[in-house]
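The values are calculated or read from the model by the stated rules, or taken from the named source; none is laboratory data. Because the structure is a prediction, the values reported are computed rather than measured. Positions of Cβ are backbone-derived with ideal geometry, glycine not excepted, and every protein chain shown enters the neighbour counts. To get the accessible areas, we keep the full protein, side chains included, count just its heavy atoms, and leave off ligands, DNA and RNA. Shrake-Rupley method; radii C 1.70, N 1.55, O 1.52, S 1.80 Å.
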Amino acid sequence: MGLPNPVVNQSKNVNIRPQETELRYESKLAVTWKRFKKNKLAVTGLIVFTLIVLIAILAPWISPSKPDVYDILDSNLKPSAKHPFGTDSMGGDIMTRVFYGSRVSLTVAMLTMLCSVTIGVIYGSISGFFGGIIDNIMMRIVDAIQSIPTFFLLLIVASLMVPTMWSTIFVISIFGWTGLARIVRGEILSIKRRDFIEAARATGEKNKSIIFFHVLPNAIAPIVVIATLDIASVILSEAALSFLGLGIQPPTPSWGNMLTSAQDLTTVLDYPWAPIFPGMFIIVTVMAVNFIGDGLRDALDPRMKQ
Amino acid sequence: MVSGTSEKIDVQNRVIDKNSEVLLKVDNIKMHFPVRGGFFGGVQGYVKAVDGVSFDLRKGETFGLVGESGCGKSTTGRAILRLLEATSGSVEFEGRDIYSLNDQELRILRRDMQLIFQDPYSSLNPRLSVGDTLSRVLKIHGMKSAAEREERIKELLELVGLNSFHMRRYPHEFSGGQRQRIGIARALALNPKLIVLDEPVSALDVSIQSQVVNLLEELQDRLGLTYLFVSHGLNIVRYISNRVGVMYLGKMVELANSNDLFEDPKHPYTQALISANPIPNPRLRDQPKIILEGDVPSPINPPSGCYFHTRCPYAQSKCREEEPAFVKAGEDRFVACHYPLS
Amino acid sequence: MVTTSVKTDTVVSVKDLKTYFYTEDGVVPVIDGVSFDVRKGETLAIVGESGSGKSVTSLSIMRLIPTPPGKIVNGDILFQNESLLEKSDKEMRQIRGNKISMIFQEPMTSLNPVYKVGDQISESIMLHQKASKKEATAEALNLLNLVGIPEPERRLNQYPHELSGGMRQRVMIAMALAGRPDLLIADEPTTALDVTIQNQILQLMKDLKAKRDMSIVLITHDLGVVAEMADRVVVMYGGQVVEQGDIFTIFEAPKHPYTEGLLRSMPTAAKKNGKLYAIEGTVPNPLHFPVGCRFAERCEYAKDLCRQEMPQIQNLSEDEVVRCWKYTDRWEA
């Protein structure tokens with residue numbers, strides 16, 4: 001690591017820094033942003049993710065076609081000026097479907113993340129804050145859920161429901177909160193031991209206010225990090241479910257179900273653009289989100305890095 | 001100390017008239033924490049953190065509570081505020097048993113009894129500005145108007161030697177000494193009568209300690225506060241306290257006026273503690289010292305008889321068998337020893 | 001009888017040492033031109049508050065500064081007339097533990113929790129001496145005896161968490177002595193311990209110093225411990241030495257206003273009436289040290305001169321060094 005060249009022979013009477021008696025004010029947010037900016041991968045991730053979100057929002061205006069327009073005569077066309085990502089076997093424009101698909105995939109990811117974060121934070125807070133027998137029982141339930149391979153559970157529950165976007169969100173959220181609950185609990189257990197919690201109690205704060213004003217704000221860093229990384233894993237779960245036909249149903253496009261329709265060998269070999277573009281969007285989005293998550297972790301909580 | 005204090009306080013000798021009104025009476029409190037273990041987490045024993053401690057606090061005095069780590073002094077401080085629920089015994093504050101209060105009544109009583117912590121870093125919520133921290137306290141206790149709260153916060157900050165512009169700042173922008181002042185302001189926000197100070201200067205730099213000690217004394221005089229000063233630092237306890245209680249393994253072994261205790265200890269443990277305390281005078285360093293052998297025994301299995309007999313240089317057979325009572329040993333002093341020093 | 005040993009053989013000589021830390025917020029001159037000698041057989045106390053640079057000074061001698069962010073940028077450290085800064089990492093490892101040992105404030109974090117105490121001590125013996133496992137264990141037993149641990153045979157087979165704090169500090173001392181060091185650096189060795197245990201450890205260090213003819217560098221903020229232990233004292237403030245002298249001069253005729261303030265603010269019985277003396281203000285932020293004397297802002301004698309120009313370190317007598325304008329010609333002018 002390159003160090004700035006140390007200034008050894010400073011003249012003793014030259015003041016190189018302004019003298020300040022009070023410490024400089026720098027908000028926590030500003031410090032976090034400063035650290036985040038130093039991580040090139042994270043910044044790249046943020047730019048890429050912002051672009052994808054923009055694509056999703058602007059899909060109706062920037063797409064070359066409409067997602068429900070099929071022209072069977074134009075099926076399996078190579079990428080061209082008219083169809084930059086080519087067309088699929090039904091003659092749909094792949095770029096259009098990928099763009100619209102990002103709306104679905106990102107909506108599912110965000111909503112699912114919000115659901116599982118809400119459940120996880122509430123569950124983890126209660127468990128950690130009250131401790132004792134409550135904590136014991138609640139954590140054993142988490143253990144039980146975590147001991148079953150989640151994806152099989154997803155498959156079972158998903159197959160019992162009529163697949164829609166909402167069912168997909170529901171299915172992924174009800175199993176997605178356990179990791180976060182565990183982390184929130186651990187965080188709360190350690191915050192609970194800090195003196196300011198006892199101080200709050202000594203000044204007569206009620207438990208509910210202690211959790212909201214004193215405990216949770218201090219657990220925000222790991223929650224934000226996990227929530228971010230959660231987006232990535234939800235995108236993957238959604239893609240997998242949809243790929244297996246248990247998630248978002250065609251004709252609504254999602255990255256996952258676009259892969260389904262392009263899964264046969266002929267398509268993969270002869271018309272590779274059909275799986276490549278949705279697949280690329282999945283990979284790029286997941287990587288971007290993971291980079292952001294890593295960057296946030298380092299920026300929010302330098303301890304976790306060391 | 002500044003003049004103009006209550007007449008009952010003899011400033012020069014720091015003696016509180018023993019007929020002075022009792023603010024808080026602690027009667028035989030015990031604090032036993034279960035030790036769990038094994039597969040089913042069953043109770044395998046008890047840590048007797050506090051094992052029968054009695055004393056009272058007189059209005060306007062500073063009562064020092066000294067002892068080594070694990071002697072139960074901090075736990076005692078928490079138990080009298082009912083931040084920890086004592087296993088048995090009673091604590092009366094102005095004649096009311098605080099253990100008989102319900103949650104609502106206890107919350108109101110909290111205005112009168114406050115706590116100041118050792119570690120100025122962990123005692124402030126890093127996510128709340130100083131103003132918010134103080135504002136919450138005032139809000140809980142019914143100060144609805146924001147303008148009124150702001151006025152009070154400014155007043156509090158100035159009272160502890162900070163500036164009103166500090167209210168917008170966050171804890172990480174302050175030094176340890178300044179943070180301790182904020183902790184003091186929080187404790188003062190509700191105009192308490194009693195403050196438990198748990199090692200309030202131990203975590204501070206030497207040059208900052210005396211600033212905080214002066215502030216505490218000044219506030220006591222101005223606001224008529226009563227202090228329970230919990231510390232392991234003998235010099236500071238001697239300096240600040242009117243009376244001092246010495247604890248060992250969950251029991252109080254000696255209680256006396258500060259001067260009497262330090263000049264003429266009756267309990268061998270007090271004597272050893274004072275002797276072990278390094279004096280900042282190199283000419284005295286080769287004076288003979290009482291060096292206690294061994295370590296403090298475990299509070300799960302305390303020794304028989306007098307808890308101190310395993311380390312006591314004067315221990316006799318009676319000490320091993322019979323627990324000494326905490327009895328009067330002169331004017332306004334008590335000791336728990338079969339053979340008190342004369 | 002009160003004694004101080006005044007010997008002239010120098011074990012360690014620190015010369016104009018500067019250790020800077022390169023942080024996100026800028027360059028922090030944690031040690032900024034520190035010089036002192038440690039003589040054979042003496043106990044030298046380095047006194048200072050947090051941020052004074054006293055611990056980094058000792059880590060610099062051990063060459064244990066984490067790099068980055070820290071770096072020794074100037075000066076030299078001579079140990080038995082050889083520069084430690086020119087030693088290779090391998091040579092330094094030989095010196096550490098063998099010739100210079102260090103003990104820390106918190107013995108629990110310096111002992112490995114998963115190994116038995118005996119194994120850890122014999123390990124450090126075998127690291128420094130050619131000894132068989134059996135000889136090392138025997139020596140470990142000797143060392144435990146030397147540091148006054150009761151039932152040493154039993155302790156050999158115990159894990160660190162089974163020992164009390166005082167006992168762990170004794171084990172740390174035993175390990176530090178394994179290589180028969182010429183210099184023992186003790187960084188706040190008793191701060192985490194109770195008074196009665198502190199007393200035991202200080203007594204032990206005194207005895208061992210005499211038995212092993214070591215020099216001790218004692219880093220502490222506690223003037224009581226200094227008065228108890230030291231032959232000479234180095235007072236640090238803001239990364240610099242502000243005063244240096246023998247124990248009696250420092251305690252009875254301190255020259256620097258900071259030393260004087262520290263002593264006056266001790267809450268000892270003699271000053272019971274009225275207010276406790278307090279040095280006002282706070283320790284300056286090392287990122288924004290003032291141009292002049294670093295103590296000027298808190299000094300009751302400070303003049304414009306003090307705020308404008310940094311005073312230089314000067315010898316008042318052979319054994320007394322101070323960094324203060326009061327002792328220069330320019331003070332009266």
When residues of the range B:136-180 are limited to those that are over 29 Å from the mean Cα position of the chain (by Cα) and acidic (Asp, Glu), the one farthest from B:PRO120 (Cα to Cα): B:GLU148
How many of the residues in the range B:231-286 are of a type in the set (A, V, I, L, M) and either at positive phi or within 11 Å of chain C (Cβ to nearest Cβ) (or both)? 11
Suppose the filter is open to solvent by 60 Å² or more (accessible area, probe 1.4 Å), aromatic (Phe, Trp, Tyr) and modelled with pLDDT of 90 or more; does B:PHE334 pass it? yes
Does C:LYS7 meet the test of being open to solvent by 60 Å² or more (accessible area, probe 1.4 Å), modelled with pLDDT under 90 and in contact with a Gly (Cβ under 8 Å, 6 or more places away or on another chain)? yes
Residues of the range B:116-152 classified as assigned to a helix (DSSP H, G or I), within 12 Å of chain A (Cβ to nearest Cβ) and under 26 Å from B:SER231 (Cβ atoms), total: 3
Restricting attention to the range B:106-127, which residues are touching a residue at least 12 places away in the same chain (Cβ under 8 Å) and either buried (at least 20 other Cβ atoms within 10 Å of the Cβ) or of a type in the set (Ser, Thr, Tyr) (or both)? B:ARG110, B:MET113, B:GLN114, B:LEU115, B:ILE116, B:PHE117, B:GLN118, B:PRO120, B:TYR121, B:SER123, B:LEU124, B:ASN125
Sort out for me the helices (runs of 4 or more DSSP H) sitting completely within the range A:191-283 that have 2 or more residues that are open to solvent by less than 20 Å² (accessible area, probe 1.4 Å), away from every other protein chain (no Cβ under 14 Å) and not acidic (Asp, Glu). A:220-243, A:255-260
So for the range B:305-315 (the condition being open to solvent by 30 Å² or more (accessible area, probe 1.4 Å) and more than 18 Å from B:LEU273 (Cβ to Cβ)), does at least one residue qualify? no
Being under 30 Å from C:SER164 (Cβ atoms), in contact (Cβ under 8 Å) with a residue 24 or more places away in the chain and within 14 Å of chain C (Cβ to nearest Cβ): is that true of B:SER74 here? yes
Of all residues in the range B:172-200, which are of a type in the set (Val, Ile, Thr) and in contact with a strand residue (DSSP E or B) (Cβ under 8 Å, 6 or more places away or on another chain)? B:ILE184, B:ILE195, B:VAL196
Tell me which residues, restricted to the range B:121-134, are in contact with a helix residue (DSSP H, G or I) (Cβ under 6 Å, 6 or more places away or on another chain), over 18 Å from B:ASN163 (Cα atoms) and not charged (D, E, K, R). B:SER122, B:SER123, B:ASN125, B:PRO126
Of the candidates A:VAL171, A:VAL157, A:VAL98, A:VAL184, the one satisfying the condition of being assigned to a helix (DSSP H, G or I) and over 25 Å from A:ILE282 (Cα atoms) is A:VAL184
Confirm whether B:ALA185 is assigned to a helix (DSSP H, G or I) and either farther than 30 Å from B:LEU341 by Cβ or within 13 Å of chain C (Cβ to nearest Cβ) (or both). yes
Report, by residue number, each residue of the range C:30-51 that is within 19 Å of C:PRO286 (Cα to Cα), of a type outside the set (S, T, N, Q) and open to solvent by 10 Å² or more (accessible area, probe 1.4 Å). C:VAL30, C:ASP32, C:GLY33, C:GLY51
Looking only at helices (runs of 4 or more DSSP H) that lie completely in the range B:216-301, which have at least 3 residues being surrounded by fewer than 22 Cβ atoms within 10 Å (Cβ to Cβ)? B:258-263, B:268-276
What's the number of the condition B:GLN180 fails, among (1) assigned to a helix (DSSP H, G or I); (2) open to solvent by 10 Å² or more (accessible area, probe 1.4 Å); (3) in contact with a Pro (Cβ under 9 Å, 6 or more places away or on another chain)? (2)
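Each row is one residue, and each column tells you yes or no for (1) open to solvent by less than 30 Å² (accessible area, probe 1.4 Å); (2) among the acidic types (Asp, Glu); (3) more than 30 Å from B:SER202 (Cα to Cα).
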site: C:GLN80; (1), (2), (3): no, no, yes
site: C:LYS99; (1), (2), (3): no, no, yes
site: C:GLU135; (1), (2), (3): no, yes, yes
site: C:LEU143; (1), (2), (3): yes, no, yes
site: C:ARG154; (1), (2), (3): no, no, yes
site: C:ASN157; (1), (2), (3): no, no, yes
Selection status of C:VAL56, in a helix (DSSP H, G or I), within 30 Å of C:ALA210 (Cβ to Cβ) and modelled with pLDDT of 85 or more: yes
